[in-house]
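Asks: Quick one: this structure, given as structure tokens, is what I'll be asking you about.
The values are calculated or read from the model by the stated rules, or taken from the named source; none is laboratory data. Quantities reported herein were computed from a predicted structural model and do not represent experimental measurements. When we count neighbours, we look across all protein chains shown, and the Cβ atoms used for this are built from the backbone with ideal geometry, even at glycine.
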Amino acid sequence: MSPPVHATPEPGPEGQPNPLGLHALVSVVVSCGAGVILHAGSQVPQIAFDWFLPPLILLTLFSTRYRVKVPGRPASVSVSEAFVFLLVLRYGPAPAVLTVALDGLIVSALQGDRRWYRALFNVAEPALSTFAAALVFRSLTDAGTTGSWALTPGLLAATMAMSLTYFALNSWLTALAVALENGGSPYRLWTRHALYLAVNDCAAAGLAVLVVTSGGTASLVLGGLVLPVLVLSYLTYKTAADRVDDATRHAREVEQMYRATVETLAIAVDAKDQVTHGHIRRVQRHTVALARALGVTAEHDLKALEAASLLHDVGKLAVPDYVLNKPGALSEAEFEQVKRHATKGAEILSAVTFPYPVVPIVRHHHEQWCGRGYPDGLAGEQIPLGARILAVVDCFDAVTSDRPYRRRLTDEEAAAILLDRSGTMYDPAVVEAFIRLVPELRRVDAVIDARSAGEAASFAEPVLPVQATGADADTVSPLVMTLLEAAGPVAEADLRRALPGSAVALFARAPARDLLVTAFVSSDLGQSAHGSPFPIGAGLSGWVAAHRHTIVNSSADLDLGEAALARGFRACVSTPVFVLGDLAGVLTVYRKGEGAFTRDEVRLIGALAQRVGMNLAQAEDPAGVSGRMLRLPSGWGRGARAEGAGSRPSSRGSTW
């Protein structure tokens, strides 16, 4: 007999539970089953009892407890169906119906399931299926014949029809009940174990025919030959199945360890790259979904994409942090450092014996359809399909996510970028399929929590604070704070003469709390500069404090948010202020309009930051501060602009 409802494999994730439908199904099955059981009870006086019937009933009840799970499949088999069919062939439907009903009641009681509808179903469904199968058999044979049978083609055909009827009703009703209770497709549930149950039932029917056609020697055949064979078969198969299960379990554990290792490495890459773990998870989901949409069905290829999408940027571990997370444009030399991450990642992963082609995808995910990509300049279909898919997905997710060097784009803007690059950087067929898929992917994203506990801080909101007071200001040296507060207006006045349309912010470092605290902000920045002290590493000025590295001609909105654009601020220069080699603060200068800072202007801003640091180092007390100490070096003025800074190369047009 098939396992009870609660032992049936759980369904797939699709669909929702349907309690009303479940109760309706149980009501119909229980009503029909009750009628069948009552009818069978009324036929008990007509049963031809002999000494063979009680042992046969006991064997049926006993053998049901010993089922063997099919390795790798959500199905189990047993020899109990052979005894059920033997009851039908030898004694008619009544004893078989009553036996399976009793067996369902015992199983439900032993497993302690308090859900009444399951217990009723497990009693009524086998009785109904057995009765229907017996009716089919009796309709195809001589209804008055019981006991011994002659082995004929007609008997074999009728027995097979009986077993298939039992299989169809028993397996389908159980699958339907499970699907209604847990959600999912009953057809998918049924097909996952139908083949094995059908073969098991047909084999059981054939064994029953063997017994009943042995005439008066049936008891000898059963006791001396069939039963030992059944026991031996059960033990042999169970031993083999247990070994397969152990091997499968070990393989699953190894795969889980492998996946955990891969994901841990991917998290390390994300932490270095200052992106969220949600990014690689989205890229992984979208990459596999796009591959399926393009007709990739081989498990080998899909697993390669799953791993490559997590590890495609592992080579960034070899790229310096200050380059990898630099706000603003990269220099040519810095971009060359970044480009090496593709080959470096392939080298790292080549040491791992992947069972599927991960390394080619990682190595070539920055190749371009036109042949101008890196590292090997492959073009068109020379680029592995997995790499072409990953390139499109990674670009889309990168430009629609906040990064230290720019703010996120909308899905529509990102799609426009993909279309513009289709046929040059990206495979047109892949771009077209992905854009069609985006709405569905976003619906899936909307119901998934893409933020993990270790997610890096987002740059979605402005981070520039107002002047700090109270506990936050107390974490900064009073002397440093006083000097910077006094230096701000002087620096602003001098910078306005040299750089019309500029605004200044001076931040003091609070080392005890690893914060930047505002010492001075130009009035032009207005409410866009309002906020709280922010952690070192956040925003443009925070990045400069964390990396001790000047940023030139970055976007002002990385510090000021959308308010910067509204007030006309576009470019900015941010540079650290050092005192005797130690970071004391950050000086950031913002410019209105589209013009970039020239090299000479950047040098003079750097000189101002050095002068502020020297004043801090030399001052004995706040009274020592004067405006003359902060005057800009000679050479500042309207005519001091040099050529070239505005043409600084930018590598941010493509993702990496």
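Asks: Restrict the check to region 392-412 and report whether at least one residue is of a type in the set (G, A, S) and farther than 16 Å from R282 by Cα.
Replies: No, region 392-412 contains no residue that is of a type in the set (G, A, S) and farther than 16 Å from R282 by Cα.
Asks: Going by what's in this entry, would G377 be described as without any contact (Cβ under 8 Å) to a residue 12 or more places away in the chain and either over 18 Å from I417 (Cα atoms) or not aromatic (F, W, Y) (or both)?
Replies: So G377 fits the description; yes.
Asks: When you check V504 against the structure, is it surrounded by fewer than 22 Cβ atoms within 10 Å (Cβ to Cβ), at pLDDT 75 or above and of a type in the set (V, I, T), yes or no?
Replies: Working: surrounded by fewer than 22 Cβ atoms within 10 Å (Cβ to Cβ): no; at pLDDT 75 or above: yes; of a type in the set (V, I, T): yes.
Answer is no for this residue.
Asks: Right, something else. Consider G15 carefully, then state whether it is in a loop (DSSP other than H, G, I, E, B), under 40 Å from the mean Cα position of the chain (by Cα) and either in the same structural domain as T165 (by TED's automatic domain parsing) or at pLDDT 80 or above (or both).
Replies: The answer is yes for G15.
Asks: Let me ask something else about it. Give region 536-550 a look and list any residue that's crowded, with 24+ Cβ neighbours inside 10 Å and touching a strand residue (DSSP E or B) at 6+ places or on another chain (Cβ under 8 Å), or say none.
Replies: L540, S541, G542, W543, V544, A545
Asks: Another question about this same structure. For region 148-172, which residues satisfy the criterion of being closer than 18 Å to A132 by Cα and surrounded by fewer than 19 Cβ atoms within 10 Å (Cβ to Cβ)?
Replies: Hits for region 148-172 are L156, A157, M160, A161, L164, A168, W172.
Asks: Residues being over 19 Å from R599 (Cβ atoms) and either assigned to a helix (DSSP H, G or I) or among the β-branched types (V, I, T) (or both): count how many of those fall in region 495-507.
Replies: Number satisfying all stated conditions: 3.
Asks: Would you mind finding the one in T550, T482 that is modelled with pLDDT of 80 or more and hydroxyl-bearing (S, T, Y)?
Replies: Going through T550, T482 in turn, the sole match is T550.
Asks: To continue, here is another question. Picking from D301, D270, D246, which residue would you name as being assigned to a helix (DSSP H, G or I) and modelled with pLDDT of 85 or more?
Replies: D301
Asks: Quick test for you: out of V352, V393, V362, pick the one residue that is surrounded by fewer than 21 Cβ atoms within 10 Å (Cβ to Cβ), on the phi < 0 side of the Ramachandran plot and either assigned by TED's automatic domain parsing to the domain that holds H300 or not in a helix (DSSP H, G or I) (or both).
Replies: V352
Asks: While we're here: For Q368, only one of the following conditions fails: (1) surrounded by fewer than 19 Cβ atoms within 10 Å (Cβ to Cβ); (2) touching a residue at least 40 places away in the same chain (Cβ under 8 Å). What is its number?
Replies: (1)
Asks: Would you confirm whether or not region 461-476 contains a residue that is farther than 30 Å from M614 by Cβ and modelled with pLDDT under 75? Quick ask: steps written out before the conclusion?
Replies: Residues of region 461-476 farther than 30 Å from M614 by Cβ: 461-462.
Of the ones still in play, those that are also modelled with pLDDT under 75 are 461-462.
Among the residues of region 461-476, at least one is farther than 30 Å from M614 by Cβ and modelled with pLDDT under 75, which makes the answer yes.
Asks: Among the residues of region 41-68, what is the count of those that are over 54 Å from the mean Cα position of the chain (by Cα) and surrounded by 12 or more Cβ atoms within 10 Å (Cβ to Cβ)? Reasoning before the result, please.
Replies: First, the residues of region 41-68 that are over 54 Å from the mean Cα position of the chain (by Cα): 41-55.
Cutting the leftovers down to surrounded by 12 or more Cβ atoms within 10 Å (Cβ to Cβ) gives us 41, 43, 47, 50, 52-53, 55.
Residues meeting the conditions: 7.
Asks: Can I ask one more? Within the bounds of region 367-390, is there any residue that is under 30 Å from I536 (Cα atoms) and either in contact with a Ser or Thr (Cβ under 7 Å, 6 or more places away or on another chain) or part of a helix (DSSP H, G or I) (or both)?
Replies: no
Asks: Of (1) surrounded by 21 or more Cβ atoms within 10 Å (Cβ to Cβ); (2) at pLDDT 80 or above; (3) aliphatic (A, V, I, L, M), A398 satisfies all except one. Which?
Replies: (1)
Asks: A follow-up question, please. Only one of E620, E562, E594 is of a type in the set (D, E) and at pLDDT below 50; which? Don't jump to the end; show me each part of the working.
Replies: Working: E562 fails: at pLDDT below 50; E594 fails: at pLDDT below 50.
Matching residue, one of E620, E562, E594: E620.
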